[in-house]
Structures are given as structure tokens and as C-alpha cells.
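First comes the structure, then the notes that go with it.
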């Protein structure tokens, strides 16, 4: 498993637009066979901050996701709503253990 956390800070006036665009991307993403989970989290004490938690079955699934129309549509739309460039951190699952550990 490959887990990606994408950290986003949105301009305050675009929070709802970002949520709509991101929910649409997430709805389509969970239909991809290589995605095990796709969560969108909004920070409780700062509603302009979000974390996307993307759980891929393998590294190839992440590459495939980045080629989808829904991801590219989200990327192009969301960038104009952000207060700063998004960042990401990539993790590998320790527990439950990934096959092949």
C-alpha cells in the first residue's frame, strides 16, 4: 500500500468551491480499481486547510490516477482556489502489513 497525504490551504472565499471540486474528484477516484481509499478532511479550527488521504494498492495505481480526466480536471480547477501550492507526503503501510514486506 502507498498512502499519500496532500496538504492544501485554500483562499477563504473559495472554500466551498474547493470542497465541491474535491468531492467530485474523490467520488470518481474511489471507483478506480487501484485506489483502496480516498478521504477528504477539513481542519476543524481552520476551515481553509484540508488534507486528502489517498490510499493506493501500489505505486502504479498512483501513476494511473494522475492520468485520469477527473484528477486533471480537479488539479486544474483547484490550483486557482489555493492560497499556496499544495504539498504531499508519501507513506508506506506498516500495519496492516503490505503483502511482500
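In a fully extended conformation the segment linking residue 59 and residue 80 would gain 4.8 nm over its present Cα-Cα distance, using 0.36 nm per residue.
Packing here is the average count of other Cβ atoms within 10 Å per residue, and on that basis the peptides 57-65, 86-94, highest first, run 57-65, 86-94.
A crude spin-label estimate for the pair residue 14 and residue 87, with each label 7 Å from Cα along the Cβ direction, gives 1.9 nm.
When each of 8, 30 is scored by the number of other beta-carbon atoms lying within 10 Å, the sequence from fewest to most is 30, 8.
Each of 14, 50 was scored by other Cβ atoms within 10 Å of its Cβ. Listed from fewest to most, they are 14, 50. Would any residue of the range 13-45 have its amide N under 14 Å from a label point 7 Å out along Cα→Cβ of residue 70? List them or say none. Those under the cut-off are 20-40. Rounded to the nearest 10 degrees, the inclination of helix 15-29 to the longest alpha-carbon principal axis of the chain is 20 degrees. The value of relative contact order for the chain, using C-alpha pairs under 8 Å at least six residues apart, is 45 percent. Put the Cα centre of the range 1-24 next to the Cα centre of the range 38-101 and the gap is 9 Å. The C-alpha atoms of the chain define a longest principal axis, and helix 69-79 lies at about 40 degrees to it.
Computed from the coordinates by the stated procedures, all read-outs in this text should not be read as laboratory data. Predicted model, so just to flag it, every value in this text is computed and none were measured. Ideal geometry is used to build each Cβ from the backbone, glycine not excepted, and the neighbour counts take in all protein chains shown.
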